[in-house]
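Structure record follows, encoded as structure tokens.
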Amino acid sequence: MDNELEMNEKSHSELAMAYFNEGYNCSQSVFMAFCDEYDMDFEMAMKISSSFGGGMGRLREVCGAVTGMFMVAGMIYGYTSPKDQIAKTEHYKRIQYLAKEFEEKNGSIICRELLGLGEGKDKPVPELRTAEYYKKRPCVEIVGMAAEIMERYIKENKKAK
């Protein structure tokens with residue numbers, strides 16, 4: 001995929017879904033879709049978000065799409081001083097708001113709950129991305145929705161650069 005061309009022609013949501021359909025995990029798909037919003041090399045974005053797919057390394061905890069959304073929020077709005085209680089509080093409010101938006105639309109932010117899986121982690125080997133995989137998983141829609149929530153938040157909360 002020609003990243004520059006795609007970013008100019010598609011919304012962040014469409015781009016995130018396209019990345020997922022290429023085989024990137026949920027977190028990568030959302031985080032990489034927003035590379036145009038922060039100063040990070042595409043390959044670095046791909047690597048830094050690679051650990052969070054499958055609810056964090058297939059542990060089925062917080063959904064990778066949600067984690068990707070939180071990482072985007074950190075890159076754009078995150079605080080830098082550990083002593084700045086006001087900035088920390090504002091950022092954590094932002095993260096809780098984004099989580100609430102996602103949870104209201106999906107019923108949870110937990111991967112295993114979103115996928116209807118039992119308790120516990122999965123084996124570390126990811127499933128092959130077959131037509132059957134895409135039929136039984138709502139992940140592409142979830143990725144698109146997380147990117148849409150983030151995109152709307154950014155539009156409504158422009159930060160001076």
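Only the coordinates and a few stated rules stand behind these numbers; no lab work does. Source: prediction; values computed, not measured. Cβ atoms come from the backbone with ideal geometry, glycine included; neighbour counts cover every protein chain shown.
Under Stokes-Einstein, with the Kirkwood radius over Cα pairs as Rh, the value for the stretch 3-154 at 37 °C and 0.692 mPa s is 211 µm²/s.
Going from the fewest other Cβ atoms within 10 Å to the most, the residues 43, 14, 151 appear in the order 43, 14, 151.
Here the extension length gained between residue 100 and residue 119 equals 4.6 nm, from 0.36 nm per residue of separation less the Cα-Cα distance. Residue order for 11, 49, fewest other beta carbons within 10 angstrom first, comes to 11, 49. Once you reduce the stretch 65-102 and the stretch 17-56 to the center of their Cα atoms, the two points are 18 Å from each other.
Taking amide H atoms as placed 1.01 Å from N in the peptide plane, the amide H of residue 110 lies under 5 Å from those of 63, each 5 or more residues away in sequence or on another chain.
For the stretch 26-109, the equivalent ellipsoid built from the Cα gyration tensor has semi-axes of 20, 18, 11 Å, listed from largest to smallest. Candidates 108, 46, 126 compared by Cα position along the dipole of the chain: farthest toward the positive end lies 108, with charges placed on Cβ. One decimal place: the segment residue 47-residue 87 gains 11.7 nm when fully extended, by the rule 0.36 nm per residue minus the C-alpha distance. The relative contact order of the chain, computed from alpha carbon pairs under 8 Å that lie at least 6 residues apart in sequence, is 28 percent. Taken about its Cα centre, the chain carries a charge dipole of roughly 620 debye when the Cβ of each Lys and Arg holds +1 and the Cβ of each Asp and Glu holds -1.
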